[in-house]
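Here's the structure, in structure tokens; my notes come after.
The values are calculated or read from the model by the stated rules, or taken from the named source; none is laboratory data. Predicted model, so just to flag it, every value in this text is computed and none were measured. Cβ placement follows ideal geometry from the backbone for every residue including glycine, while neighbour counts extend to all protein chains displayed. Side chains are part of the model used for accessible areas, which takes the heavy atoms of the whole protein and leaves out ligands, DNA and RNA. Shrake-Rupley method; radii C 1.70, N 1.55, O 1.52, S 1.80 Å.
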Amino acid sequence: MFSWENPDDRVAIAQMNSELQHAQLELLSAHCATHQLRLRFSADDVARFGQRDILRKSLQAAAALSEYYTSIQQKVPAAESASEPQTRLSEKQIHEAVARVSAYLREQKELYFPSAKPLNNQQKALMWPFFTAVLLDRVRIVDPRGLQRVPNPPFFAEARALGFVNLPEFPHLHSLTFLDVVVFNEKITARSLFHGLVHAVQFDVLGLERYTDLFVRSFVNTKLHFSVPLEAHAFSLESKFAGQPASRFSVEEQVRLWIRQGRY
């Protein structure tokens with residue numbers, strides 16, 4: 001058993017949490033990919049027509065992960081692992097939430113814009129096969145600034161009081177996109193920049209009000225940030241980019257396709 005009193009254990013605990021964070025990001029990517037599979041195909045069709053070798057390996061991996069994390073969950077105090085209560089909002093409350101989130105996004109853009117800078121030539125060269133030159137010229141980015149991470153929005157306390165306990169922790173997110181300004185909490189990587197730019201495209205194509213309305217309604221239904229289709233799509237495209245960085249595709253075309261298909 002580790003102890004905070006032992007200096008060697010503190011180093012090991014820090015390393016453990018670093019690896020836990022990496023595992024969480026990979027799990028989120030797998031979760032998003034699986035969510036898209038679930039949206040498009042029934043379990044019966046996957047079981048009947050799924051390629052047997054791939055399906056078998058997927059089931060084995062999922063079972064092993066479930067067994068491991070369930071064993072951990074059983075050791076977490078009950079008060080910490082309690083499930084989120086069922087929460088319903090009226091249409092009036094949803095409209096109010098959309099208005100507040102939209103106003104917040106505008107305010108944050110204005111707040112960070114003075115310290116934001118354009119993408120450099122290297123970043124543009126890396127991203128141009130996936131994004132239009134117009135977008136890459138317009139988007140501004142804010143580098144990590146030490147401990148000055150993006151704080152949670154002021155309305156989170158009220159949302160938690162309504163029962164939404166699984167709100168994303170903004171200071172722990174790698175980046176946040178406020179319309180066409182991407183603010184990074186962590187070192188900028190090609191993958192994190194790509195993810196932030198996907199959201200910039202979504203804002204550009206959908207418009208602020210529609211983007212916010214879709215996001216709020218989906219979050220109210222799913223209760224989980226990463227299950228919102230707008231976010232799931234960004235992770236899915238990010239995973240595609242990371243897996244095949246030399247393969248060119250248009251993010252804007254992918255976003256417009258999902259809009260036509262009603263998948264947001």
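Does segment 132-173 hold any residues that are aliphatic (A, V, I, L, M) and open to solvent by 60 Å² or more (accessible area, probe 1.4 Å), and which are they? Answer for segment 132-173, where residues must be aliphatic (A, V, I, L, M) and open to solvent by 60 Å² or more (accessible area, probe 1.4 Å): A133, V134, L147, A157, A161, L162, V165. Within segment 240-257, the set of residues being assigned to a helix (DSSP H, G or I) and surrounded by 14 or more Cβ atoms within 10 Å (Cβ to Cβ) comprises K240, F241, A242, V251, E252, Q254, V255, R256. Filtering segment 186-239 to residues that are of a type outside the set (D, E, K, R), within 15 Å of I141 (Cβ to Cβ), open to solvent by 40 Å² or more (accessible area, probe 1.4 Å) and under 14 Å from the mean Cα position of the chain (by Cα) leaves nothing.
Scan the helices (runs of 4 or more DSSP H) fully inside segment 1-115 and keep the ones with 1 or more residues being at pLDDT 80 or above.
On the way: elements: 7-40, 43-49, 52-73, 78-81, 91-112.
Counting at least 1 such residues, we get 7-40, 43-49, 52-73, 91-112.
Listed by position, the helices (runs of 4 or more DSSP H) inside segment 128-216 whose residues that are at pLDDT below 95 and out of contact with any Leu (no Cβ under 8 Å at 6 or more places or on another chain) number at least 3 are 156-161.
Do the conditions hold for L119, that is, is it open to solvent by 80 Å² or more (accessible area, probe 1.4 Å) and either modelled with pLDDT under 85 or within 30 Å of D180 (Cβ to Cβ) (or both)?
no
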